[in-house]
Amino acid sequence: MYDLDEVNEEFEINIIPMIDVIFAILTFFIISSLFLSRTEVLPVNLPKADQSEVQERVRVTVSVAKSGDLSINRRAISLENLEAGVRGLIEDGQQIVVVINADEAVDHGRVIAVMDKLRAIEGAALGIATERP
């Protein structure tokens with residue numbers, strides 16, 4: 001018949017091996033996700049400073065329409081007044097980023113003339129807006 005010792009044994013689930021498997025899977029996903037991110041910068045060790053502060057850059061958008069008309073932050077302006085118009089938007093010593101939105105049908109010479117005027121502004125970084133295909 002039945003042995004009374006076998007019937008009275010308690011049933012238990014050992015979860016320690018399950019925890020080990022979960023940690024192994026978690027480690028795999030963490031390590032593999034590190035390889036998915038692409039960094040396109042050079043690794044550098046930056047110097048430390050107690051009195052450092054974040055430098056905010058003002059973003060200015062210069063648009064060149066298909067007709068060649070210019071605008072700064074959606075306000076129409078002429079090529080001759082472009083440099084003065086951008087300078088009027090920034091304070092002394094402030095860093096700015098000027099993004100040029102030029103229609104693809106605009107004459108190449110017109111965009112170069114705009115860039116030439118903007119390069120005269122000290123502390124201005126130029127960028128050309130594009131769109132992914």
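All C-alpha to C-alpha distances of the range 73-133, sorted into 10 Å bins beginning at zero, yield P(r) values of 19, 56, 22, 3 percent in whole numbers. Peptides 104-110, 82-88, ordered by how many other C-beta atoms sit within 10 Å of their residues on average, highest first, read 82-88, 104-110.
Each value in this text was obtained by applying a stated rule to the coordinates, not by laboratory testing. Keep in mind the model is a prediction, meaning the values are calculated, not measured. With ideal geometry, Cβ positions are generated from the backbone for all residues, glycine too; neighbour counts draw on all protein chains shown.
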